[in-house]
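Beneath this line is the structure, given in structure tokens, with notes to follow.
The values are calculated or read from the model by the stated rules, or taken from the named source; none is laboratory data. Predicted, not measured: the structure shown is a model, and the values here were computed from it. FYI the Cβ positions are ideal-geometry reconstructions off the backbone, even for glycines, and counts take in every protein chain you see.
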Amino acid sequence: MILNKACLFNAIVFSLASASRELFVHSSARSTIGRALPLKHGRTPRQKSTKLSDSAVNDAYHNQKRQSHVELKYVEFSRRKNSGGGVSKGDPVVLLHGLLGQKRNFASLGSNLASQLKIMRRIYAVDLRNHGENTHDWREEMSYSDMAEDVLAFLDKHGMERAILIGHSMGGKVAKSLALSHPDRITGLVVLDISPVTYTAQDPSWKAVQGIIKSLTEVQLIPGKTKSDIDKDLRESVEDPALRQFVLTNLEVDDNEILRWKINIDAISNQLHKIASFDVNWSSSLEENDTRLLQEDGQKPENEYRYEGDLFLIKGGASSFVKGSHMPLISKRFPNYMLTTIRGAGHWIHAESPDATLALLKKYLDRY
């Protein structure tokens with residue numbers, strides 16, 4: 001099946017825009033579905049999750065989950081020498097990539113944040129489970145609650161009592177899941193072009209993602225095959241050259257000079273329905289017969305939770321991953337959300353409109 005090129009572009013397009021695009025900020029005077037970014041905002045107070053379960057049971061559950069976490073590979077971006085020295089003064093920032101991405105996707109953004117923020121911060125980017133350099137510990141499970149626990153363990157290991165999370169697409173859902181489960185660990189929350197909803201094949205953008213994953217599972221990595229060969233194999237199913245090049249960054253050569261995936265494509269394919277959805281997965285810490293946890297979608301009890309801190313949601317104007325119909329659910333889970341749209345940008349807003357994205361993030365991060 002040949003995927004529609006426009007859908008692919010909206011789904012995961014990977015290209016660098018040569019010029020920043022015009023910004024359009026939703027304000028209360030011009031839109032009812034978002035809030036304008038405040039000029040000033042104090043430090044987010046420690047939040048308590050609005051949940052019905054016993055906190056001791058919940059803590060025991062998360063301690064057990066953390067014992068089975070993936071130790072995520074990461075990179076830290078240093079402040080350039082000519083931009084001023086000193087000790088980090090603000091809470092650290094952790095960048096979370098999207099599906100088929102890796103920490104290297106944030107190389108430019110991370111470096112610019114480290115050198116240009118007025119408030120000095122430690123800036124990290126991690127490889128989420130089954131992606132990037134985490135080939136030492138592939139897992140079969142890809143739920144957002146599990147990926148959130150991986151990030152929480154990363155915060156613990158690096159002595160981060162609190163952190164600001166910036167997540168794109170799948171990484172944005174991971175950030176939201178962690179904010180809902182451990183709001184006291186989150187100072188700020190920025191999500192790039194994704195909603196906490198379940199996407200289906202009825203959505204052209206998600207249907208395109210499904211097609212890409214299916215194509216990757218069918219690739220034969222045999223001795224003698226090169227990246228150019230794989231590129232040719234994918235041309236019929238992944239028409240956009242830039243998108244194919246992005247996908248091919250997930251290939252590496254092993255010790256036997258044979259290509260292999262740096263992503264756990266089998267697990268990703270098997271768990272794609274979970275990646276399409278959103279969960280905080282509190283069922284393991286609650287009584288099965290607790291009827292107070294009944295919810296409208298009949299799946300996960302995250303409906304009993306709210307994150308009272310900031311959610312800064314940045315949407316691509318040409319992307320369909322964040323819709324007006326999502327706003328009631330977003331406002332229910334994240335009542336203090338702010339929505340900004342970058343006109344003309346697709347799903348990969350930080351790659352397509354790097355200057356505009358950087359400007360928005362600097363304005364947000366320098367408030368704390």
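Descriptive notes on the structure:
- Residue tally, condition under 16 Å from residue 340 (Cα atoms) and touching a His at 6+ places or on another chain (Cβ under 8 Å), over segment 168-190: 2
- Condition check for residue 140: more than 11 Å from the chain's Cα centre (by Cα), assigned by TED's automatic domain parsing to the domain that holds residue 338 and not in a helix (DSSP H, G or I): yes
- Some residue of segment 163-186 being over 23 Å from residue 349 (Cβ atoms) and in contact with a strand residue (DSSP E or B) (Cβ under 9 Å, 6 or more places away or on another chain): yes
- Close pairs from segment 225-238: first without any contact (Cβ under 8 Å) to a residue 40 or more places away in the chain, partner β-branched (Val, Ile, Thr) and assigned to a helix (DSSP H, G or I), Cβ under 8 Å, at least 6 apart: 234/247
- Filtered residues of segment 232-248 (kept if under 14 Å from residue 101 (Cα atoms) and crowded, with 18+ Cβ neighbours inside 10 Å): 243, 244, 246, 247
- Residue-level analysis places residue 65 among those that are at pLDDT below 95 and under 30 Å from residue 265 (Cβ atoms).
- So residue 187, is it within 23 Å of residue 245 (Cβ to Cβ), in contact (Cβ under 8 Å) with a residue 60 or more places away in the chain and either part of a helix (DSSP H, G or I) or touching a Gly at 6+ places or on another chain (Cβ under 8 Å) (or both): no
- Hey, residue 319 in contact with a strand residue (DSSP E or B) (Cβ under 9 Å, 6 or more places away or on another chain) and either surrounded by 24 or more Cβ atoms within 10 Å (Cβ to Cβ) or without any contact (Cβ under 8 Å) to a residue 12 or more places away in the chain (or both) or not: no
- Inspection of segment 219-231 identifies at least one residue that is crowded, with 17+ Cβ neighbours inside 10 Å and either assigned by TED's automatic domain parsing to the domain that holds residue 98 or not in a loop (DSSP other than H, G, I, E, B) (or both).
- In segment 321-356, residue nearest to residue 206 (Cα to Cα) [restricted to those that are hydroxyl-bearing (Ser, Thr, Tyr) and not in a strand (DSSP E or B)]: 325
- Listed conditions (1) closer than 21 Å to residue 347 by Cα; (2) more than 14 Å from the chain's Cα centre (by Cα) are all met by residue 106, apart from (2).
- In segment 100-116, the condition of being over 20 Å from residue 189 (Cβ atoms), in a helix (DSSP H, G or I) and of a type in the set (A, V, I, L, M) is met by at least one residue.
- Among the residues of segment 349-366, those identified as of a type in the set (D, E, K, R) and surrounded by fewer than 17 Cβ atoms within 10 Å (Cβ to Cβ) are 355, 362, 363, 366.
- Residue 217 being more than 30 Å from residue 166 (Cα to Cα) and among the polar types (S, T, N, Q): no
- Test: residue 211 is in the same structural domain as residue 253 (by TED's automatic domain parsing) and not in a loop (DSSP other than H, G, I, E, B): yes
- Flag if residue 169 is at pLDDT below 95, under 25 Å from residue 321 (Cβ atoms), in the same structural domain as residue 104 (by TED's automatic domain parsing) and surrounded by 24 or more Cβ atoms within 10 Å (Cβ to Cβ): no
- Selected residue (only one of 125, 148 is under 23 Å from residue 276 (Cα atoms), assigned to a strand (DSSP E or B) and either free of Cβ contacts under 8 Å to residues at least 40 places away in the same chain or in the same structural domain as residue 179 (by TED's automatic domain parsing) (or both)): 125
- When segment 325-348 is filtered for residues that are in contact with an Asp or Glu (Cβ under 9 Å, 6 or more places away or on another chain), under 15 Å from residue 308 (Cα atoms) and surrounded by 19 or more Cβ atoms within 10 Å (Cβ to Cβ), the ones remaining, listed by number, are 333, 334, 337, 338.
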